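Data first, discussion second: the structure below is written as structure tokens.
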Amino acid sequence: MISVRGRGPARLAAAAVATGLLTAGAIAGAGNAVADENNPQPGGATAVLDGLKTFDSAVIHGRDGDKKIGAGLFEMAVDGGGVLKTYCIDIHTGTRKDAKYKEASWAESSLHSNENAGKILWILENSYPQVNDLAALASKVGEDVKLTEKTAAAGTQVAIWRFSDGANVEAVDPSAEKLADYLEENAQNLAEPKASLTLDPPAVSGKAGEKLGPITVHTNAQTVSVAPGAQAETAGVKVVGADGNPITTAKNGDKLFFDVPEGTEDGSASLSLQASTEVSVGRAFTSIDRQYPSQTQILAGSSESGVTATATATWATEAPAPAVTAEKKCVEGGVEVSVVNKGSEPFTFALAGEEHEVPADGKPVSVLVPVKEDQPYKITITGPNGFEETFEGTLDCETASEVTTGGTGGGEESPEPSTAPSPATVGGGTGDTGDTDTGGNLAETGSDSSTPIIAGVALALVVLGGAAVFFLRKRKPATAGSDD
């Protein structure tokens, strides 16, 4: 919705997060505003991890010996409705039950510099669950190959790990191992899939009497609803298209503007977009739990799912009108804060101990703030008249390694144990599956309600660990598809 607030002692900042961007539009004189990854307004899909659902066993060959793990499909429940099925692309990091995830580009994930990312997409498109006919898939792999949903999921996951982590990993089941070898040998690099819904840029600024924008819609949905709020009518601010006419729906490539009438009191506004669409196979999903990270996932199938995006606008007639965004930069190893000012006066802000001036010419001034891998960050930008914007999150751009995780031993525990199996507990068991029909690009197979294998172990550890379990933090759990 659009919300408009007057300028003065009231807070005059609106925050937005769009497809991996932490964004905020604010004007000079704003109070505190926080763009927090733990409570985002995301661009694209956000979902909650339900656990490892369709899996079999695999073995990691590491410097500390062989470790048996569960390998297969996870399931996520989408905020706003829908189901996602995913594979892991970070074998040495554990999962957290009920961890929250957001859709992300490859550049914002551990795939950012992986030359084999496109091969992972090929595997996803040419194996289970995108390929429902397991007999036909088995015939491509070789003679005497027989695949079930569990072994097909395990073989697919093993092949993905070889490209995502460079892992020395094998499926326990012979047919699953042959599938993994087949997928690895035949994989080809494909182009990164499109986002379900993003806005570019997610924050704009200008003067009253102008159309502020454009904001370009990028989506794979047929149509997207554009929802201005009732408060905008009071101020006379409208959301319009390139032709200047008010709009309630948009499609890919459309350009949106905030039409702010001349004489409107200085302030800010936001708009929200919503759609229902299949999220593209191959999109990355990164954890947004700052305290307890969960392994990065890659999408293997999607039902029709709810996706959203938010944009903001700020305007001022005789003052600065800054629009502030923050974007994770995995290659550079930090967060880039950018400020655009289309007001009437220059805008001066302080960030990371340095002062910067942004001319009122609409050209961005960008500052890279270095952030350590896996470390929560809190970046604050301040300006005149009490202006302050804070961006919080965690930079999670690299896959874990045996060195950084210490194998499978040691470390603290999450207070929320996962239902996924771990090397210490999986034994020779496999996951159970049941049929489900979710529509979208999901196979009509491969879901289960397997009883959590490690729940009792985790409970015992909570009792024995006492306060340590709750106050100590394990940076990188060492098992794939698991929570220690």
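Worth pointing out:
- For segment 339-372, residues that are part of a strand (DSSP E or B) and within 23 Å of SER110 (Cα to Cα) total 4.
- Matching residues in segment 201-228 - criterion: being surrounded by fewer than 16 Cβ atoms within 10 Å (Cβ to Cβ), within 22 Å of LYS251 (Cα to Cα) and at pLDDT below 95: ALA227
- The residues of segment 273-285 that are buried (at least 24 other Cβ atoms within 10 Å of the Cβ) and not basic (Lys, Arg), listed by number, are LEU273, ALA275, VAL279, ALA284, PHE285.
- Taking segment 286-307 as the range and being surrounded by fewer than 23 Cβ atoms within 10 Å (Cβ to Cβ) and either closer than 30 Å to VAL260 by Cα or not acidic (Asp, Glu) (or both) as the test, the residues that pass are ARG290, GLN291, TYR292, SER303, GLY306.
- Members of segment 337-349 found to be surrounded by fewer than 20 Cβ atoms within 10 Å (Cβ to Cβ) and over 29 Å from the mean Cα position of the chain (by Cα), listed by number: SER344, GLU345, PRO346, THR348
- Selection from segment 129-158 of residues that are within 23 Å of the chain's Cα centre (by Cα) and either without any contact (Cβ under 8 Å) to a residue 40 or more places away in the chain or assigned to a loop (DSSP other than H, G, I, E, B) (or both): PRO129, GLN130
- Counting only residues that are closer than 23 Å to ASP200 by Cβ, more than 18 Å from the chain's Cα centre (by Cα) and among the hydroxyl-bearing types (Ser, Thr, Tyr), segment 276-327 holds 2 of them.
- On the stretch given as segment 165-204, residues that are touching a Ser or Thr at 6+ places or on another chain (Cβ under 8 Å) and assigned to a loop (DSSP other than H, G, I, E, B) total 10.
- Residues that are buried (at least 24 other Cβ atoms within 10 Å of the Cβ) and either not in a loop (DSSP other than H, G, I, E, B) or not aliphatic (A, V, I, L, M) (or both), drawn from segment 311-336: ALA311, THR312, ALA313, THR314, TRP315, PRO320, PRO322, ALA323, VAL324, THR325, ALA326, LYS328
- Counting only strands (runs of 3 or more DSSP E) wholly contained in segment 55-115, no element carries 3 or more residues that are buried (at least 21 other Cβ atoms within 10 Å of the Cβ), modelled with pLDDT under 95 and not basic (Lys, Arg).
- Segment 289-312, residues that are closer than 24 Å to VAL226 by Cα and modelled with pLDDT under 90: THR312
- Condition check for GLN188 on (1) of a type outside the set (A, V, I, L, M, F, W, C); (2) under 26 Å from the mean Cα position of the chain (by Cα); (3) crowded, with 20+ Cβ neighbours inside 10 Å: one failure, at (3).
- Subset of segment 167-195 (residues that are in contact with a Leu (Cβ under 8 Å, 6 or more places away or on another chain) and within 16 Å of LYS150 (Cα to Cα)): ALA171, SER175, ALA176, LEU179
- Verdict on THR394 being under 21 Å from the mean Cα position of the chain (by Cα), polar (S, T, N, Q) and surrounded by 15 or more Cβ atoms within 10 Å (Cβ to Cβ): yes
- Residues considered: THR93, THR46. Of these, the only one that is in contact (Cβ under 8 Å) with a residue 40 or more places away in the chain, more than 30 Å from THR310 (Cα to Cα) and among the hydroxyl-bearing types (Ser, Thr, Tyr) is THR93.
- The lone criterion from (1) buried (at least 19 other Cβ atoms within 10 Å of the Cβ); (2) within 26 Å of the chain's Cα centre (by Cα); (3) under 25 Å from VAL324 (Cα atoms) left unmet by LYS255 is number (1).
- Listed by first and then second residue, the pairs with beta-carbon distance under 8 Å, at least 6 apart or on different chains, first residue in segment 330-347 and on the phi > 0 side of the Ramachandran plot, second polar (S, T, N, Q), form an empty list.
The values are calculated or read from the model by the stated rules, or taken from the named source; none is laboratory data. What you are looking at is a predicted structure, and each value in this text was computed from that prediction instead of being measured. Ideal geometry is used to build each Cβ from the backbone, glycine not excepted, and the neighbour counts take in all protein chains shown.
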